[in-house]
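One structure is given here, and the rest of the page talks about it.
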Amino acid sequence: MKVSALNDFDLYLYHQGTNFYTYQMLGAHFVKESGVDGVRFAVWAPHARAVSVVGDFNKWDVSINPMRRISDGEIWSVFIPGLEEGEIYKYSIEPSYGGERILKADPYAFYAEKKPKTASRLYKLAGYEWHDQKWQEEKSQKSSYDNPMLIYEVHLGSWRRDAEGNYLTYKEAAKQLVNYVKEMNYTHIEFMPLCEHPFDGSWGYQATGYYAVTSRYGEPKDFMYLVDLAHQNNIGIIMDWVPGHFCNDAHGLRRFDGETLYESDNEKRRENWDWGTTNFDYGRREVHSFLISNALFWLSEYHIDGLRVDAVANMLYLNYGRKEGQWEPNKYGDTGNLEAMELIRNLNEAVFKYYPNALMMAEESTSWPMISRPTYMGGMGFNYKWNMGWMNDMLKYMSLDPIYRKWNHDKITFSLMYAFSENFVLPLSHDEVVHGKCSLIEKMPGDYWRKFAGLRAFFGYWMTHPGKKLLFMGGEFGQFIEWKYDDSLDWHLPQQYPMHTKMLEYSKELNKFYCDNKALWQVDFDWRGFRWIDCNDNENSVISFIRYAEDQDDFIVVVCNFTPEVRHGYRIGVPAKGIYKEVFNSDAEKFGGSNVLNEGEFKTEDVFWHNLNQSIQVTLPPLATIFFKMKDDPARAKKQKIKEVKPVSRSYTNREPEKITALG
């Protein structure tokens, strides 16, 4: 990492909001001045009357290392010779209005003291020798859109702990986590925020050090090792990033130089009452430089592959989570935060300019249009958006007793009304397994067996629905208790209890099936990759559909039965004449199911069904998802492919008048 001079041009760009590498200019950097080794400190504090650097090296005496204003009048700087890596420091700031000095951590520090201590720590970020060149080269040659993306979401402090209950270090976690994720066939790890934060209970979402990877688990180069090892094993790394609000703790950004600085003067925009945090002021150009530089910092210095941007709705809407009288409209009388829109567009344009293959994922919970569309098309510039609507509908549906599901059938079909309006990720995240919401398996109704069967069926549907996938840790083996940030996952469950062992094996094999079959991910964001067979069988709580690869001769037929009833002789239309085989069944005995399988081969019949000229009759296992593929090779299937009868509409409502199933 290079160090930038405090020259007029870089300072001009900083104040214009277009210096995207401000961390190379501000903060603490090891440099040589007049042939002397030392550290140059620089900090933005325009309202301060005086600023000093204090630490153990000067006994926290404000008179020993005072800073001076440089040419722009808003940046303070000082060079201190002889300092060593690891020294702790803070900025002692005398507010312009007088009064007591305040002590602040460095907003651009690369490292910090381990909580509960709050000082910044000098650190040489450069010097790590990376070994991920192959990963970087391969990533640059392929698109994430038409490749598998199966994300394992991790809170590093509670994924696994040692025998004494202590955190794993970055290096300890690297070996265990990377091996596990690789074995389970996930393609990416997404870490909940790793920026420095004082309170464990915030899960990292209330930061004080945006440029400092948390010292809870070790030093910055140890985290580089974790990322590097993941890349060497073909696993991408995504990190939660929180540019919407920051921690209120006294050593953080709030009232940094004694007055509002990173936050707005306007209380109605500044205060985030629901979360007890402070919102950034996107109208300040220096905040643009700070945040955009921070995004590029993680991508550049830590080789992070992407950022999941938290709480985008809180950024975009002036009235998000606010009661009447707690917000003011923009100059057009509307609810949109115009400055935040500009920041988000500038952010994404900068990221994709320097890192064209980056993943920029918006956690945006409203119907704001074109979140994942380029800025030149009028979009917000992300390349992915979390599908919160699908998640909410499906968890509500799956929590219902099967007897009531037929009256809520729209919850499993409605998502296809908008599935291709954005580039969606289907998230089953940490937010859904805390605060009394129950774990995923505990949401499933019924007895012990039905809970596991329901979760397997749900996972099968989730894996075949258009969109990339994300699962929070613990869901893969059916952890019963809610996630606890201050304890390890219940790893004893898959080690000691057969149903959890089988659930883990099911997740592993389902993940592999997903990764091995192009039809499930190559065309995720277009109707060419999906067709309903039947979305209307609410009476039996059954849906069936087809997923296509780019080569339309490569397809998978999916059937989901969301009741515990076995259905024999269930006829489904299929898109091509030939022989079909069941290739995956969530009810298999090895997964903990009742082993109601479709064994053997199924030759199509010339029976028109579901607007398709060919059909087969199969058995639907209880609470299960099953997949079928053509036995014939693509070349033969292409010759025999039957022309489809085009439906009246996308809803495929034309059906035979008689009942389409024989109840078992």
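The values are calculated or read from the model by the stated rules, or taken from the named source; none is laboratory data. Since the structure is predicted, the reported quantities are computational estimates derived from the model, not experimental observations. In this analysis, Cβ positions are derived from the backbone assuming ideal geometry, glycine residues included, and neighbour counts consider all displayed protein chains.
Here's the yes/no breakdown for (1) among the small types (Gly, Ala, Ser); (2) touching a Leu at 6+ places or on another chain (Cβ under 9 Å):
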{"position": "Ser96", "(1), (2)": "yes, no"}
{"position": "Trp135", "(1), (2)": "no, no"}
{"position": "Ser140", "(1), (2)": "yes, no"}
{"position": "Ile151", "(1), (2)": "no, yes"}
{"position": "Lys171", "(1), (2)": "no, yes"}
Criterion (among the aliphatic types (A, V, I, L, M), more than 29 Å from Asp401 (Cβ to Cβ) and not assigned by TED's automatic domain parsing to the domain that holds Ile616) met by exactly one of Leu504, Leu493, Leu489, Leu520: Leu520
Sole residue being assigned by TED's automatic domain parsing to the domain that holds Val287 and within 22 Å of Val3 (Cα to Cα), chosen from Glu94, Glu87: Glu87
Test: Asp37 is in the same structural domain as Gly252 (by TED's automatic domain parsing), among the charged types (D, E, K, R) and touching a residue at least 24 places away in the same chain (Cβ under 8 Å): yes
Test result for Met224, buried (at least 19 other Cβ atoms within 10 Å of the Cβ), more than 30 Å from Glu505 (Cα to Cα) and outside the structural domain of Ile93 (by TED's automatic domain parsing): yes
Of all residues making up segment 414-428, the number that are in contact with a helix residue (DSSP H, G or I) (Cβ under 8 Å, 6 or more places away or on another chain), part of a loop (DSSP other than H, G, I, E, B) and of a type in the set (Ser, Thr, Tyr): 1
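Yes/no per residue for (1) closer than 30 Å to Met370 by Cα; (2) free of Cβ contacts under 8 Å to residues at least 24 places away in the same chain:
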residue	(1), (2)
Met417	yes, yes
Val425	yes, no
Gly436	no, no
Phe459	yes, no
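Taking segment 567-587 as the region of interest, how many residues are in contact (Cβ under 8 Å) with a residue 60 or more places away in the chain and under 24 Å from Met463 (Cα atoms)? Break it down stepwise before answering.
At the first step, the residues of segment 567-587 found to be in contact (Cβ under 8 Å) with a residue 60 or more places away in the chain are 567-571, 575-578, 583-584, 586-587.
Within this subset, residues satisfying the condition of being under 24 Å from Met463 (Cα atoms) are 567, 570-571, 575-576, 583-584, 586-587.
Going through segment 567-587 one residue at a time, the tally reaches 9.
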Contacts under 7 angstrom Cβ, first residue in segment 206-221 being in contact (Cβ under 8 Å) with a residue 40 or more places away in the chain and crowded, with 24+ Cβ neighbours inside 10 Å, partner of a type in the set (Asp, Glu) and in a loop (DSSP other than H, G, I, E, B), 6 or more apart: Thr208/Asp249
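Give the residues of segment 557-586 that are within 18 Å of Thr619 (Cβ to Cβ) and hydrophobic (A, V, I, L, M, F, W, C), sorted by residue number.
Looking only at segment 557-586, we keep the residues that are within 18 Å of Thr619 (Cβ to Cβ), and these are 557-574, 579-586.
Passing the criteria: Val557, Val558, Val559, Cys560, Phe562, Val566, Ile572, Val574, Ile579, Val583, Phe584.
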Residue in segment 455-474 that is more than 27 Å from Ile238 (Cβ to Cβ) and over 20 Å from the mean Cα position of the chain (by Cα) present: yes
Among residues of segment 100-111, those that are touching a residue at least 24 places away in the same chain (Cβ under 8 Å) and in a loop (DSSP other than H, G, I, E, B), counted: 8
Subset of segment 21-31 (residues that are out of contact with any Lys or Arg (no Cβ under 7 Å at 6 or more places or on another chain) and over 18 Å from Asn65 (Cβ atoms)): Tyr21, Thr22, Tyr23, Met25
Residue in segment 157-178 that is nearest to Leu299 (Cα to Cα), counting only those that are among the polar types (S, T, N, Q) and touching a residue at least 12 places away in the same chain (Cβ under 8 Å): Thr169
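Being within 22 Å of Leu493 (Cα to Cα) and either in contact with a Gly (Cβ under 7 Å, 6 or more places away or on another chain) or assigned to a loop (DSSP other than H, G, I, E, B) (or both): is that true of Gly157 here?
Values: within 22 Å of Leu493 (Cα to Cα): yes; either in contact with a Gly (Cβ under 7 Å, 6 or more places away or on another chain) or assigned to a loop (DSSP other than H, G, I, E, B) (or both): no.
Answer is no for this residue.
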Any hit, segment 181-204, residues being without any contact (Cβ under 8 Å) to a residue 60 or more places away in the chain, out of contact with any Phe, Trp or Tyr (no Cβ under 8 Å at 6 or more places or on another chain) and more than 17 Å from Lys484 (Cα to Cα): yes
Asn266 farther than 22 Å from Lys468 by Cβ, of a type in the set (S, T, N, Q) and either at pLDDT 95 or above or crowded, with 19+ Cβ neighbours inside 10 Å (or both): no
Boolean, Val287 is under 19 Å from Asn383 (Cα atoms) and touching a Phe, Trp or Tyr at 6+ places or on another chain (Cβ under 7 Å): no
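Among the listed residues Lys171, Lys114, Lys139, identify the single one that is in a loop (DSSP other than H, G, I, E, B) and either over 20 Å from Leu471 (Cβ atoms) or in contact with a Ser or Thr (Cβ under 9 Å, 6 or more places away or on another chain) (or both). Step through it out loud before you land on a result.
Working: Lys171 fails: in a loop (DSSP other than H, G, I, E, B); Lys139 fails: in a loop (DSSP other than H, G, I, E, B).
From the options Lys171, Lys114, Lys139, the qualifying one is Lys114.
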Elements of type helices (runs of 4 or more DSSP H) in segment 329-413, at least 1 residues being assigned by TED's automatic domain parsing to the domain that holds Ser293 and touching a helix residue (DSSP H, G or I) at 6+ places or on another chain (Cβ under 6 Å): 338-354
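Quick check on my filter: what residues within segment 450-461 are surrounded by fewer than 23 Cβ atoms within 10 Å (Cβ to Cβ) and in contact with a helix residue (DSSP H, G or I) (Cβ under 8 Å, 6 or more places away or on another chain)? Spell out the reasoning first.
As a first pass, look at segment 450-461 and keep what is surrounded by fewer than 23 Cβ atoms within 10 Å (Cβ to Cβ): 450-451, 461.
Result: Lys451, Tyr461.
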Residue list for segment 353-402, restricted to those being touching a strand residue (DSSP E or B) at 6+ places or on another chain (Cβ under 8 Å), under 30 Å from Ser541 (Cα atoms) and among the aromatic types (Phe, Trp, Tyr): Trp386, Trp390
Yes/no for Arg322 being surrounded by 15 or more Cβ atoms within 10 Å (Cβ to Cβ) and in a loop (DSSP other than H, G, I, E, B): yes
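When you go through Lys353, Lys385, Lys331 one by one, which is the residue that is over 19 Å from Ile304 (Cα atoms), charged (D, E, K, R) and either surrounded by 21 or more Cβ atoms within 10 Å (Cβ to Cβ) or without any contact (Cβ under 8 Å) to a residue 24 or more places away in the chain (or both)? Break it down into steps so the answer makes sense when it comes.
Numbers: Lys353 fails: over 19 Å from Ile304 (Cα atoms); Lys385 fails: over 19 Å from Ile304 (Cα atoms).
After ruling out the rest, the residue left standing is Lys331.
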Any hit, segment 87-97, residues being more than 30 Å from Glu129 (Cβ to Cβ), modelled with pLDDT of 95 or more, of a type in the set (A, V, I, L, M, F, W, C) and surrounded by fewer than 21 Cβ atoms within 10 Å (Cβ to Cβ): no
Residue list for segment 174-191, restricted to those being charged (D, E, K, R) and assigned to a helix (DSSP H, G or I): Lys175, Lys182, Glu183
